[in-house]
Amino acid sequence: MRALGVVIHLDDFGTGYSSLAHLERLPVDAVKIDRSFVARGGDDPVILRSIVTLIRALDLQMIAEGVETEADLRRVREVGFDYAQGYFFSRPIAASALASLLADAPRW
């Protein structure tokens with residue numbers, strides 16, 4: 001699959017059935033951190049910093065889910081996430097509106 005350019009992202013890490021063992025066993029390229037950790041980050045994002053340290057040690061990319069405010073974006077940038085997604089950037093839209101969103105979107 002990698003030869004075809006397929007990359008694997010582990011979604012909602014930190015909740016449900018996810019475990020640290022998945023990070024060792026599965027051939028993942030990136031980890032999407034559940035939005036509950038972004039929301040709980042507050043002024044002292046110790047959990048987010050710990051997650052960043054762990055994921056960096058495994059040489060994986062990180063995506064912060066659930067970024068809904070400018071403060072959320074600032075926090076995930078400060079602790080070192082590679083990417084972010086959430087309503088701060090856009091609510092769900094139709095595929096036909098994507099080109100317009102990308103052309104008109106500010107640089108975050």
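The values are calculated or read from the model by the stated rules, or taken from the named source; none is laboratory data. Note that the structure is a prediction, hence the values are computed from the model and not measured. Cβ placement follows ideal geometry from the backbone for every residue including glycine, while neighbour counts extend to all protein chains displayed.
Before moving on, here are some points about what is shown:
- Candidates ARG91, ARG74, ARG56, filtered to the one that is farther than 18 Å from SER36 by Cβ and not in a helix (DSSP H, G or I): ARG91
- Selected residue (criterion: modelled with the lowest pLDDT) from residues of segment 54-108 that are within 16 Å of ASP29 (Cα to Cα) and β-branched (Val, Ile, Thr): ILE55
- Filter pass, ARG49 being among the charged types (D, E, K, R), at pLDDT 80 or above and touching a Gly at 6+ places or on another chain (Cβ under 9 Å): yes
- Candidate set: segment 39-74, residues that are more than 22 Å from VAL7 (Cβ to Cβ) and among the hydrophobic types (A, V, I, L, M, F, W, C); chosen: the one surrounded by the fewest Cβ atoms within 10 Å (Cβ to Cβ): VAL46
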